[in-house]
Amino acid sequence: MLKQTMALPVGTLYISILSEGIRSISYDEPSNWEIVAGGQTEQVIYTNLVTQLEAYFDGALKQFDLPLILVGTPFQKRVWQSLSEVPYGEVVSYKDIAISAGSPKAVQAVGQANRANPIPIIIPCHRCVKSNGELGGYNGTDIDKKQYLLALETY
């Protein structure tokens, strides 16, 4: 396992990578956090992640291509898949994602799945807003990060 941090305009990210892919990205320091170098496979994935995140924040990358390890309920995984299909620079409502995930009445559950998103930015939960256009929460963290990411994508 590789555990690493990365400083970005939205703050420090805490990244966990296994040989199969990225396991988590967090804005908050996990308990008992300790940087771990990882093996060669994890280092390659980390290098690709850094390259793609830098390109994204430079405005040169519109879609990520990275191996992800998603641990969640079947509903959460459907929500995260639906979020991953929202194009760069576009926003959708929680209701749109609920419909796309096959549970049109589960709007509030979509919000909870967004909050539980283990890999923000890469899985773009910041592109999901309330039906009235208000931003709503963002992955359990400050709304300013969501505002920044949407502005970056010229929302």
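The values are calculated or read from the model by the stated rules, or taken from the named source; none is laboratory data. The model shown is predicted, which means the values in this text are computed figures rather than measured ones. Cβ placement follows ideal geometry from the backbone for every residue including glycine, while neighbour counts extend to all protein chains displayed. Keep in mind that these areas ignore ligands, DNA and RNA; they rest on the heavy atoms of the full protein, side chains included. Shrake-Rupley method; radii C 1.70, N 1.55, O 1.52, S 1.80 Å.
Mind checking region 21-69 for GluC sites (Glu not before Pro) that DSSP puts in a loop (not H, G, I, E or B) and that have at most 11 other Cβ atoms within 10 Å? All intermediate terms of the calculation are to be shown ahead of the outcome.
Values: sites: 34, 42, 54; in loops: 34.
For GluC sites (Glu not before Pro) across region 21-69 that sit outside H, G, I, E and B with at most 11 neighbouring Cβ atoms in 10 Å, the list reads 34.
How many nm is it between the label spots at residue 40 and residue 60, if each spot is 7 Å from the Cα in line with the beta carbon?
2.7
For region 31-105, give the magnitude of the charge dipole about the Cα centre (Cβ charges: +1 Lys/Arg, -1 Asp/Glu; no others), in debye to the nearest 20. Walk me through the numbers before you get to the answer.
Values: 5 positive and 8 negative charges, 95 e Å.
That gives a dipole near 460 debye.
Calculate what fraction, in whole %, of the accessible area of the chain sits on carbon and sulfur atoms when a 1.4 Å probe is rolled over the protein chains. Mind showing how you got there, number by number?
Details: 3800 of 7760 Å².
Of the solvent-accessible surface of the chain, carbon and sulfur hold 49 percent.
Quick check for you: with a 1.4 Å probe and neighbouring chains kept, what is the accessible area per residue of region 35-155, in Å²?
Numbers: 6090 Å² over 121 residues.
I get 50 Å² per residue for region 35-155.
Add -39500 (n - 2.57) for each DSSP H run of 4 or more in the chain, then divide by its residues: what number comes out at 222 nm, to the nearest 500 deg cm²/dmol? Can you show the working numbers first?
Working: 5 runs with 55 residues, N = 155.
Mean residue ellipticity, 222 nm, calculated: -10500 deg cm²/dmol.
What's the local net charge at residue 9, with K and R +1, D and E -1, over the other residues with C-beta under 14 Å away?
Net of charged neighbours comes to -3.
Quick one: the Cα spread of region 88-149 along its three principal axes, in angstroms, biggest first?
Taking max minus min along each principal axis of the Cα atoms, region 88-149 gives 29, 24, 19 Å.
Keeping to pairs on different chains or 8 or more places apart, tell me how many lysine pairs in the chain have Cα atoms under 19 Å apart.
Lysine pair count for the chain: 10.
Nearest 5 percent is fine: what portion of the DSSP beta bridges confined to the chain is antiparallel?
Values: 14 of 18 bridges.
Percentage antiparallel, nearest 5: 80.
Rounded, prolate or oblate: which fits region 27-83 when a ≥ b ≥ c are the square roots of the eigenvalues of the alpha-carbon gyration tensor, with rounded for a/c under 1.5 and prolate only if a/b beats b/c?
Working: a/c = 1.68, a/b = 1.08, b/c = 1.56.
Since a/c reaches 1.5 but b/c is at least a/b, the shape of region 27-83 is classed as oblate.
With +1 on the Cβ of every Lys and Arg and -1 on the Cβ of every Asp and Glu, and nothing else charged, how large is the dipole of the chain about its Cα centre, in debye rounded to the nearest 20?
So the magnitude is around 560 debye.
Between beta-carbons, use under 11 Å as the cut-off and find the net charge around residue 124, counting Lys and Arg +1, Asp and Glu -1. All intermediate terms of the calculation are to be shown ahead of the outcome.
Details: positive: 62, 127, 146; negative: 85, 90, 153.
Combined, the nearby Lys, Arg, Asp and Glu give 0.
Starting from 0.36 nm per residue, how many nanometres of slack lie between residue 6 and residue 73 once their C-alpha separation is accounted for? Could the numbers behind the result be given before it?
Values: separation 67, 0.36 × 67 = 24.12 nm, distance 2.80 nm.
That pair, residue 6 and residue 73, stretches by 21.3 nm at full extension.
Mind giving me the nanometre distance, one decimal, between the label points for residue 103 and residue 135, set 7 Å out from Cα along Cα→Cβ?
2.6
In nanometres, what is the gap between the two model label sites at residue 151 and residue 95, each 7 Å from Cα along Cα-to-Cβ?
For the pair residue 151/residue 95, the computed spacing is 2.9 nm.
If we count every other residue with Cβ under 12 angstrom of residue 23's Cβ, Lys/Arg +1 and Asp/Glu -1, where does the sum land?
Values: positive: 3; negative: 20, 42.
Within the 12 Å Cβ shell, the charges total -1.
Mind sorting out which of (i) 8.1; (ii) 13.0; (iii) 8.5 is the real mean projected area of the Cα convex hull in nm² computed from the coordinates?
Computing mean projected area of the Cα convex hull in nm² and matching it to (i) 8.1; (ii) 13.0; (iii) 8.5 gives (iii).
Which trypsin sites (Lys or Arg not before Pro) in region 41-114 sit in a loop by DSSP (not H, G, I, E or B) and have at most 11 other Cβ atoms within 10 Å of their own Cβ?
On the way: sites: 62, 77, 78, 95, 105; in loops: 62, 105.
Sites meeting the loop and neighbour criteria: 62, 105.
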